[in-house]
2 protein chains.
Amino acid sequence: MEGLVRCSANYVPLTPISFLERSALVYGDQTSVVYGNIKYTWRETLIRCTKLASAITQFAICYGDVVAALIPNIPAMYELHFAVPMAGAVLCAFNIRLDSAMLSVLLKHSKAKVIFVDYQFLDVVHGALHILSKSSSSLPQIILVLDEQSIPVGSEMSPSRNLEYENLLAAGNPEFEIRRPKDELDPIALNYTSGTTSSPKGVVYSHRGAYLNSLATVLVNEMLSRPVYLWIVPMFHCNGWCFTWGVAAQGGTNICLRNVIAKDIFSSIAEHKVTHMSGAPAVLNMIINSPVDEKKPLPNKVVVVTGGAPPPPQVIFKMEELGFAVIHGYGLTETYGPATVCVWKPEWDALPPNERTKIKARQGVLHTGLEEVDIKDPGTMKSVPADGKTMGEVMIRGNTVMNGYLRDQKATEEAFKDGWFHSGDLGVKYPDGYIELKDRSKDIIISGGENISTIEVESVIFSHPAVLDAAVVGRPDDHWGETPCAFIKLKDGCVNVTDADIINFCRDHLPHYMAPRSVVFVDLPKTSTGKTQKFILREKAKAMGSLIHKKPSKL
Amino acid sequence: MEGLVRCSANYVPLTPISFLERSALVYGDQTSVVYGNIKYTWRETLIRCTKLASAITQFAICYGDVVAALIPNIPAMYELHFAVPMAGAVLCAFNIRLDSAMLSVLLKHSKAKVIFVDYQFLDVVHGALHILSKSSSSLPQIILVLDEQSIPVGSEMSPSRNLEYENLLAAGNPEFEIRRPKDELDPIALNYTSGTTSSPKGVVYSHRGAYLNSLATVLVNEMLSRPVYLWIVPMFHCNGWCFTWGVAAQGGTNICLRNVIAKDIFSSIAEHKVTHMSGAPAVLNMIINSPVDEKKPLPNKVVVVTGGAPPPPQVIFKMEELGFAVIHGYGLTETYGPATVCVWKPEWDALPPNERTKIKARQGVLHTGLEEVDIKDPGTMKSVPADGKTMGEVMIRGNTVMNGYLRDQKATEEAFKDGWFHSGDLGVKYPDGYIELKDRSKDIIISGGENISTIEVESVIFSHPAVLDAAVVGRPDDHWGETPCAFIKLKDGCVNVTDADIINFCRDHLPHYMAPRSVVFVDLPKTSTGKTQKFILREKAKAMGSLIHKKPSKL
């Protein structure tokens, strides 16, 4: 077709930076960020981010350089989500639970040139740089983020003027010309996969993917304009499931919390009339089990998006009892956070509550930003039958799948084999196309030749009234290969519950072979995003050795 | 950054086809299209469109070929919005008010290979092909769209089996492999600019632009999932302002209407619980002035998006009195429909109603899909001061601006001069960044060296209680150059209103020089999308000649 052109009038690389610029104009007077007594408008946030971007470039930051951060959910972490890309750089937001050893490994791998660090984690960074200095001559520049809500400014911690966040920002140029991506597939963020396995990989997000996933997140979570979003999910986790950029797209208000505790969650909701929040099932569980005097009635409908781990139906049920509207999504770091959502069908409203929550615990159907989500046999790449029973691997393709693993061509190629992203999760597909996770490939228990979904066993254990938290792993077994072993944390005051109680309860609700054969009462090891670290539990179960079978027990 | 790849796992050309496929899965049982007794679900719509796409390819349709349509807002027109792109072709939906002569010109220019035509317009197409046959040896294939809601199937009109829409579709292959765009900038639609000027141009839309504008339209018009959308704006007008594809993105229900009459609008709203509709101010005016017995109370909040011409504040006011929530957008065919939206600020709620509607009549701020909208001096390309007074040309850039004018490199280059799309509209910018149109460049009246915005004069005339419709153009004047001349249609029963009444009314509400000097009571000539054809009125005013000035009258 002749007569057509591509020029700056009709083509602009997609980038979330556009959301900030538009909100500064359209929602200029609207509150953008709230943290304690601190409040900014969208107009102010654009100015602050522009100044910060200009200041970042002073550290010889060029297009594609990595700028790291070790900061909780406070305004600085939010602002860096725009300022770093606006400096042409790539944001690498680290998990604040990292220790110095792991941080040094990731700093080295990322080649970060600058690291912004919250005062709480300065020692961890110093430790990491000390380790790093043994093998590297160039160390990242530290910029300290103080926090006047928490510690007095001007304490002995104050660094030299231009190496402290607010001072650096204040000296920035508000007329700085924003560096836009040259190509929309240029990287915007680097996110290391968090610790359910022991080998983190650097997942690279593009400006295009971030733009599209932000809009999709807004759409599938039914966010109108001017939402009020409470920050519970860490911004360092898939860039806050892209809500960082999504809230900007809709001119919303970000309510920041340094510490995620039930009391502050309920009072923030009441004070700011929160409309949306997100959190892993473990956080919802904490909310449910918080003391009565910390709970406050909700002032309006609050949508809570949960994901990051399969939510036990009981957790969904109890959140809805508290008045929250739960939306359940599923995804991975590699898919910018949620990739599927359990879109609710009106006819399900008529089901009894326990049926409803069981359905809502399904991982559902693809997000608006994706092209296809399927359950396939990884050997043949054929779709499994949509019978709700046949297990296969969850596979995903579309624009909101990562660019790849940084400096790991081999892992990238494996992940994208046959043109699909291989999630490593096992699941089934129902006749209506909704998927349900059964396990991580490596978590599934094989006992006497039968697959046992640890998620199914955990769901039953969670419905026991005394259980606060639970995880099931395989325990090596001389006879069966493996048998299910449950690690359980009981609620306060439930000291009389025994392992036999739990086992019998499971046998009442599950096929005999799926019920745990051993139960350990313990605090579960967690990642910072609330995921149980099953590899630690598997080691514990391994150390326990095989059950002793006098004669082959009935399964 | 090493280790990254682009492959089918993480890159898919953006196209609205994805919306249909997703809705067929996620909202499979939800009603997609309603027309009288006809009802389809999203699952059925995908199957029908796939079959239709396969059938279209039988006519030797290749990637990039044009498939035309001359069809009102009935299901066939909706389905072609997906089926034609799914055949790899470009949809050219013609204005159903075209006559044979104009249609023959456009058919020739578009090189359409196939034309789908509603039975009502078959004679027009036959006439056009007759004209075309004199200069061209290859004529487009006609496919007839019958309509069992309107005429008995099997009447003498029935063509040979495979040249009738439903028969053609029925023979299609439901397993047809959908042809996706090879590049997301490939064309999806061709829309001829409609008749406010006499030289139509072929505006080309891309799959990417259509995808992004559809999502932006959903977002700025506050559409949650499962909206119920009433089709009033013609689908042949900017592809229904991209609501064709946008409603699919949200799994909504399309309520089709062959004829846009107030009675059917009110009964459709009541019957289907419509949540959203769109229409030009002229249609809203028709709704407002419909007889009381045709009006029905609204069953719920109905958002009505208006645009296509500046809405007089009075029209907004009266629609809101009827219970509609008016969202005002502005755009052009070249911007896929609305490009700006008058985003409402909470503080405006406290203003008196006439102030509120005056503000809502502003064209507002950029749409989510765009990058920049500005008012510039076209000579210097400098932004005009944001003072609400200084006029300049509305200029636009971003991903939802057309690819260009088909086979008109010169017009494309002019439109995109200096990297901005030049709208040809004149406007001002307020201190808050909101823009307001003052006139089309060619409509502005220059009287004694003063610019007179015909939109401002029309707004005042519209607030006169006897006025149903009005348009102001310049009348040549020996002394002043031009003076304002008003063409007015009065409401039924208002026969006693005189030209002096109107002129005096305007002088009470406007500076003296802006008030019309001559008034003509007449039916206004309209385009099919409800725009007044000012070029016809200008000719009439020209034919009237100059006012006779005994002595220079006071301005």
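The values are calculated or read from the model by the stated rules, or taken from the named source; none is laboratory data. Remember, it's a predicted structure, so these values are computed and weren't measured experimentally. Please note: Cβ atoms are built from the backbone with ideal geometry, for glycine as well, and neighbour counts cover all protein chains shown.
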> Does segment B:394-423 hold any residues that are within 7 Å of chain A (Cβ to nearest Cβ) and β-branched (Val, Ile, Thr), and which are they?
Replying inline: B:VAL401, B:THR412
> Do you know which of the residues in segment A:460-469 that are among the aliphatic types (A, V, I, L, M) and in contact (Cβ under 8 Å) with a residue 40 or more places away in the chain is nearest to A:LYS318 (Cα to Cα)?
Replying inline: A:LEU468
> Quick one: B:ASP523 ticks every box in (1) part of a loop (DSSP other than H, G, I, E, B); (2) modelled with pLDDT of 85 or more; (3) surrounded by 16 or more Cβ atoms within 10 Å (Cβ to Cβ) bar one, so which box is it?
Replying inline: (3)
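Filter segment A:377-392 down to the residues that are within 14 Å of chain B (Cβ to nearest Cβ) and in contact with a Lys or Arg (Cβ under 6 Å, 6 or more places away or on another chain), then identify the one that is nearest to A:LYS438 (Cα to Cα).
Filtering first and then ranking leaves A:ALA386.
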> Of B:PRO174, B:PRO200, which residue is more than 13 Å from chain A (Cβ to nearest Cβ), in contact with a helix residue (DSSP H, G or I) (Cβ under 9 Å, 6 or more places away or on another chain) and at pLDDT 95 or above?
Replying inline: B:PRO174
> Could you say whether any residue in segment A:448-457 is within 14 Å of another protein chain (Cβ to nearest Cβ), within 30 Å of A:GLY481 (Cβ to Cβ), in contact with a strand residue (DSSP E or B) (Cβ under 8 Å, 6 or more places away or on another chain) and among the acidic types (Asp, Glu)?
Replying inline: no
> For segment B:208-248, which residues satisfy the criterion of being buried (at least 24 other Cβ atoms within 10 Å of the Cβ) and in contact with a Lys or Arg (Cβ under 9 Å, 6 or more places away or on another chain)?
Replying inline: B:ALA248
> Is it the case that segment B:326-337 has a residue that's over 18 Å from B:GLU372 (Cα atoms), at pLDDT 95 or above, β-branched (Val, Ile, Thr) and not in a helix (DSSP H, G or I)?
Replying inline: yes
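Please tell me if A:ILE269 is more than 14 Å from chain B (Cβ to nearest Cβ), aliphatic (A, V, I, L, M), closer than 23 Å to A:GLY323 by Cα and crowded, with 21+ Cβ neighbours inside 10 Å.
Here the answer is yes, as A:ILE269 does meet what is asked.
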> How many residues does segment A:341-358 contain that are out of contact with any Ser or Thr (no Cβ under 8 Å at 6 or more places or on another chain) and in a loop (DSSP other than H, G, I, E, B)?
Replying inline: 5
>> Looking only at residues that are within 9 Å of chain A (Cβ to nearest Cβ) and surrounded by fewer than 24 Cβ atoms within 10 Å (Cβ to Cβ) in segment B:345-370, which one is farthest from B:GLY308 (Cα to Cα)?
In response: B:GLU347
> From the list B:LYS389, B:LYS429, which residue is crowded, with 24+ Cβ neighbours inside 10 Å and out of contact with any Gly (no Cβ under 6 Å at 6 or more places or on another chain)?
Replying inline: B:LYS429
> Going through segment B:311-326 one residue at a time, which ones are of a type in the set (Gly, Ala, Ser) and under 20 Å from the mean Cα position of the chain (by Cα)?
Replying inline: B:ALA325
>> Filter segment A:507-535 down to the residues that are touching a residue at least 40 places away in the same chain (Cβ under 8 Å) and either among the basic types (Lys, Arg) or closer than 21 Å to A:ALA282 by Cα (or both) and list them by number.
In response: A:ARG517, A:LEU524, A:LYS526, A:THR527, A:SER528, A:THR529, A:GLY530, A:LYS531, A:THR532, A:GLN533, A:LYS534, A:PHE535
